[in-house]
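Written below as structure tokens is the structure these notes are about.
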Amino acid sequence: RELLRLVEERDDVVVLSADMGNAVADLRERRPDRYFEFGIAETNTVSVAAGMASCGLIPYVVSMGPFGAIKCAEQLRADVAATRLPVRFVARLSGLAMGFFGASHHAVEDLAIARSITNLTVAAPSDENAAAALLRSTVEHDGPVFFRVSEGGGAQVYADVPVIEHGRFVQVRDGSDATVIATGVGVGAAVGAARLLEPDGVSLAVLDAAYLKPLDEEAILRAAEATGAILTVEEHNVVGGLGTAVAEVLGRRRVAVDLRVHGLPDDDLDVATPAALLERYGLTPQGVADQVQALLAVR
């Protein structure tokens, strides 16, 4: 819906689909002049988007997450990011959202890949309202943006479209005993965990890492000072994602803090529905609450 609004409001926004037409069906029907379908040809779609951007347009490439960052890494790096073209890559159904199709459809390395590409902004909304906020707030951004959208069954975090500043975390919940820094569906799980822990007297702060690049280093440092215990939560391999990024900041700044990284194991993952996989790997309110308890137990 937000893409349709952007197309209706601006003359320079176009949408390129890599076999994702059903995801933007309203836009395709109402503004066929701004919609371009490329089928299962993700790399070609990104290269064409780069050409459009070089002519003054703002192209939004909509692709399935499992075939986004991995297949298109070369085009994102060489065609888009190297020249700082304003291409927006929307990787839908990322994480475990397509887990019932097996390993080929697990998109659990994309944040690590996207983070490592110079000049590429990386954003990961926690729900539909956050996605709308990020799409709208980055339309004027002078450079490429990678949006990682899970859609794997996470809880609603925001009642309305929030204000998300570029490169900043959102303080979703205040707390004094520990801080959860989460991204994507992990944010809703963290909020649920905070509610579960309240009867036990645990006060849990929750930060929404809507941007992974640029990373809100000051928010990380404030969390370390405020609670002294940080748990990162992500629907992504524990290698190279949010947890790695937070650890890099704390290490570089020489900050002593209890840190625990919670995400998907660096191993072959199971095949199941998204809900079953989130349960299996502890990306639920109870799973996150258990991780918080384990973090606090070693203090």
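The values are calculated or read from the model by the stated rules, or taken from the named source; none is laboratory data. Note that the coordinates shown come from a computational prediction; the quantities given were computed from them, not determined experimentally. Because the Cβ atoms are built from the backbone with ideal geometry, glycine has one as well, and the counts that use them run over all protein chains shown.
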Within the stretch 159-183, residues among the acidic types (Asp, Glu) and not assigned by TED's automatic domain parsing to the domain that holds Leu204 come out as Asp160, Glu165
Within the stretch 274-292, residues closer than 18 Å to Ala194 by Cα, in contact (Cβ under 8 Å) with a residue 12 or more places away in the chain and not in a loop (DSSP other than H, G, I, E, B) come out as Leu278, Pro285, Gln286, Gly287, Val288, Ala289, Gln291, Val292
In the set Pro199, Pro162, the lone residue that is surrounded by fewer than 16 Cβ atoms within 10 Å (Cβ to Cβ) and not β-branched (Val, Ile, Thr) is Pro199
Please determine whether any residue of the stretch 236-253 is touching a residue at least 40 places away in the same chain (Cβ under 8 Å), in a loop (DSSP other than H, G, I, E, B) and aliphatic (A, V, I, L, M).
yes
Scanning the stretch 216-235 for residues that are assigned to a loop (DSSP other than H, G, I, E, B) and crowded, with 21+ Cβ neighbours inside 10 Å gives Asp216
How many residues of the stretch 254-271 are among the charged types (D, E, K, R), in contact (Cβ under 8 Å) with a residue 12 or more places away in the chain and assigned to a loop (DSSP other than H, G, I, E, B)? The answer is 3
Among the residues of the stretch 85-132, the number that are out of contact with any strand residue (DSSP E or B) (no Cβ under 9 Å at 6 or more places or on another chain), closer than 19 Å to Val187 by Cβ and in contact (Cβ under 8 Å) with a residue 60 or more places away in the chain is 2
All conditions in (1) assigned to a helix (DSSP H, G or I); (2) surrounded by fewer than 21 Cβ atoms within 10 Å (Cβ to Cβ) are true of Gly188 except (2)
Selection from the stretch 164-181 of residues within 20 Å of Phe146 (Cα to Cα) and not in a strand (DSSP E or B) yields Ile164, Glu165, His166, Gly167, Arg168, Phe169
### Query
Just wondering, is there one or more residues in the stretch 93-103 that are under 19 Å from the mean Cα position of the chain (by Cα), outside any loop (DSSP other than H, G, I, E, B) and of a type outside the set (D, E, K, R)?
yes
